[in-house]
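The values are calculated or read from the model by the stated rules, or taken from the named source; none is laboratory data. Quantities reported herein were computed from a predicted structural model and do not represent experimental measurements. FYI the Cβ positions are ideal-geometry reconstructions off the backbone, even for glycines, and counts take in every protein chain you see. For accessibility, only protein heavy atoms count, side chains too; no ligands or nucleic acids. Shrake-Rupley method; radii C 1.70, N 1.55, O 1.52, S 1.80 Å.
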Amino acid sequence: MCGIVAAAARRDIVPLLVEGLKRLEYRGYDSCGVAALADGAIARVRSVARVADLAARIARERLAGATGIAHTRWATHGAPATHNAHPLASRGEIALVHNGIIENHEELRAELKARGYAFESQTDTEVIAHLVHHCYRGDLFEAVGRAVKRLVGAYAIAVVARAEPHRVVGARMGSPLVVGAGAGETFLASDALALAGVTDRIAFLEDGDVVAIDPEGFRVRDASGREATRPLRTVQVTGAAAELGAYRHFMQKEIFEQPRAVADTLEGVERATPALFGDPTGAVLGAVDSVLVLACGTSYHAGLVARYWIESLARIPATVEIASEYRYRESVPDRRTLVVAVSQSGETADTLAALRHARSLGQKKTLAVCNVATSALVRETRLAFLTRAGVEIGVASTKAFTTQLVALFLLALTLAKLKRRLAARAEREHLARLRHLPRALGAVLALEPQLIAWAERFARKEHALFLGRGMHWPIALEGALKLKEISYIHAEAYPAGELKHGPLALVTSEMPVVTVAPNDALLEKVKSNMQEVRARGGELYVLADADTRIGAEDGVNVVRMPEHYGMLSPVLHTVPLQLLAYHAAVARGTDVDKPRNLAKSVTVE
């Protein structure tokens, strides 16, 4: 989603702001801009191209200043256009950047127009700039505090005033914002990664906070208007993950980092125990009778796989809800349900809102599966399991997904053990397979040349079907999502048995059908479904275990998986689908790491 970087210092801060924007490019954006205070004025440079173009324009216009704000925008209100790009200004006296959505912007716009304010953009953000200007009486901290009380929705903002050249004021509600402290300089950012190499002393703001920064430090008022302390912590923020190395794209790099990411996530895991989730006595997990998984997108697919594992191993019911839908329907709460919120960033707005809704219904047993230790999701749940995928730059999630699966499998084992449904020998066998996963993933990655050959054929197509059964149906869903995310090929996924209930009408020789075919109890069913495709002239692309006796022939293309992996097979089968999507996108010449219209962290509803 959108990115914010701001600074108040004793040196020219514009190069640092631009570098911060470069580090936030992975979040997805369609315009960018910087505003700096210099010579008694606010100067802005904005672009609808990449940050590199913005940097070139800044150099030409010689923009400089010791106080400034910067932004990458992902369009919500108003098209991607220069006049809608942030920073937005009010009468040359206030400039502002904003992440989030203001739900009452139309009402405020009408009110401000009646007061004589002229609007130059179609954004909801310009409403905030004019509102701050209207509230300004010589103290920007006070003005922002008054203005945000009028806002309904989600926001993280950074604001400067021409009359206060050494100060930036920020505020947050529902969107992340952090403070960074340096020597004679202080920063605001939507992601600590933006400050990598500049400072590792980070303070995390809470919802409702208003913060003022200057070169000497910062002060905070909480949602009630009282002075508040937000302690600085040393956070390891490194830009190393933002280096491509020998890879062509970050997505490719992150696909190949999966063996290490899984190994890191499993480091120190000796047995299935509640302590892995922050519940050393098992008081929470031991009192669970069912599981509710809340997630969006790729994380939702991980939850769907987990449902099979939890019900099979622990023998307790599990449901999986799309977080953006869960809180908008009547549901039946159960206080003995474990609510598992899954999110790579831990800042996904829909997942956070769903979690809060579940808690409001009295479901207090909550667990986060997340890749960011300092995220809102981790702070708001009773228990947490931190995956150790490292920073994921590519918008299309890869290593975050496989490490989520590992975390959720450990949860299934732990619940089974607490329910006395996991024998010691079975636990040892499952853990041994988990520990072998990195090596098995390495063997799957060696299949890349075969997937490149498939991808070259897919690149000429406009539609594809993905099929799977049982716990591999969610992997088919994930494969279809990856393909359409980055190659822009329309793809759908179905449980293979559903073919004859409608999707079979789409099958022609121009419709490739990808089939996940492990050697499990549903293999013969999958083979029958494959015959249905062949009988209609469809072209099959099959991921088959070596012992499935599925051979390549005319119209049937087979990539053989290196080994059969039982219940953990979904982890392995997802990797060829990632490679297929990646190489199809490369062949089509799309922007793999920053696909159109998408953002990495969806921090608005």
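For the range 122-216, list the strands (runs of 3 or more DSSP E) that sit wholly inside it and hold at least 1 residues that are open to solvent by 10 Å² or more (accessible area, probe 1.4 Å), under 27 Å from residue 111 (Cβ atoms) and small (Gly, Ala, Ser); which are they?
Correct list: 153-161.
Given the options 345, 397, 360, name the one that is open to solvent by 10 Å² or more (accessible area, probe 1.4 Å), on the phi < 0 side of the Ramachandran plot, without any contact (Cβ under 8 Å) to a residue 24 or more places away in the chain and of a type in the set (Ser, Thr, Tyr).
360
What is the number of the single condition among (1) within 13 Å of residue 96 (Cα to Cα); (2) at pLDDT 95 or above that residue 164 does not meet?
(1)
Could you tell me whether residue 223 is in a helix (DSSP H, G or I) and either open to solvent by 10 Å² or more (accessible area, probe 1.4 Å) or within 25 Å of residue 369 (Cα to Cα) (or both)?
no
Any residue in the range 267-294 that is farther than 21 Å from residue 311 by Cα sitting within a Cβ distance under 9 Å of a residue that is assigned to a loop (DSSP other than H, G, I, E, B) and of a type in the set (Gly, Ala, Ser)? List the pairs, counting only those 6 or more apart or interchain.
Final answer for the pair search is 275/282.
Pairs, please: C-beta under 7 Å, at least 6 apart or cross-chain, first residue at pLDDT 90 or above and in the range 67-94, second part of a helix (DSSP H, G or I) and among the hydroxyl-bearing types (Ser, Thr, Tyr)?
Filtered contacts from the range 67-94: 86/125; 88/125.
Out of the range 19-61, which residues are part of a loop (DSSP other than H, G, I, E, B), free of Cβ contacts under 8 Å to residues at least 24 places away in the same chain and farther than 18 Å from residue 594 by Cβ?
39
Scan the strands (runs of 3 or more DSSP E) fully inside the range 458-568 and keep the ones with 2 or more residues being open to solvent by 10 Å² or more (accessible area, probe 1.4 Å).
Here the list reads 490-495, 556-561.
Does residue 342 count as under 21 Å from residue 427 (Cα atoms) and in contact with a Ser or Thr (Cβ under 7 Å, 6 or more places away or on another chain)?
Answer is no for this residue.
Which one of these is within 20 Å of residue 556 (Cβ to Cβ) and among the aliphatic types (A, V, I, L, M): 477, 481, 467?
Among 477, 481, 467, only 467 is within 20 Å of residue 556 (Cβ to Cβ) and among the aliphatic types (A, V, I, L, M).
State the number of residues belonging to the range 72-121 that are part of a strand (DSSP E or B) and either open to solvent by 60 Å² or more (accessible area, probe 1.4 Å) or at positive phi (or both).
Total satisfying the criteria: 1.
Given the options 451, 415, 431, name the one that is assigned to a helix (DSSP H, G or I), in contact with a helix residue (DSSP H, G or I) (Cβ under 6 Å, 6 or more places away or on another chain) and over 13 Å from residue 572 (Cα atoms).
From the options 451, 415, 431, the qualifying one is 451.
Out of the residues in the range 236-265 meeting the condition of being open to solvent by 20 Å² or more (accessible area, probe 1.4 Å) and charged (D, E, K, R), tell me which one is modelled with the lowest pLDDT.
243
Would you point out the residue of the range 226-235, among those that are exposed (fewer than 10 other Cβ atoms within 10 Å of the Cβ) and under 14 Å from residue 178 (Cα atoms), that is modelled with the highest pLDDT?
229
What number of residues in the range 5-18 are over 14 Å from residue 97 (Cα atoms) and either in contact (Cβ under 8 Å) with a residue 40 or more places away in the chain or part of a strand (DSSP E or B) (or both)?
Adding up the residues that qualify gives 9.
Only one of (1) modelled with pLDDT of 95 or more; (2) surrounded by fewer than 24 Cβ atoms within 10 Å (Cβ to Cβ); (3) assigned to a helix (DSSP H, G or I) fails for residue 409. Which number is that?
Result: residue 409 fails condition (2) only.
Mind listing whichever residues of the range 434-457 are of a type in the set (D, E, K, R) and either open to solvent by less than 60 Å² (accessible area, probe 1.4 Å) or at pLDDT 95 or above (or both)?
The answer is 448, and nothing else.
Quickly run through the range 266-278 and pick out the residues that are touching a strand residue (DSSP E or B) at 6+ places or on another chain (Cβ under 7 Å) and open to solvent by 10 Å² or more (accessible area, probe 1.4 Å).
276, 278
Applying the selection to the range 1-29, what residues are in contact with a His (Cβ under 7 Å, 6 or more places away or on another chain), small (Gly, Ala, Ser) and modelled with pLDDT of 90 or more?
Correct list: 8 only.
From 329, 336, grab the single residue that is surrounded by fewer than 20 Cβ atoms within 10 Å (Cβ to Cβ) and in contact with a helix residue (DSSP H, G or I) (Cβ under 7 Å, 6 or more places away or on another chain).
336
Give the range 444-499 a look and list any residue that's polar (S, T, N, Q) and over 25 Å from the mean Cα position of the chain (by Cα), or say none.
Passing the criteria: only 450.
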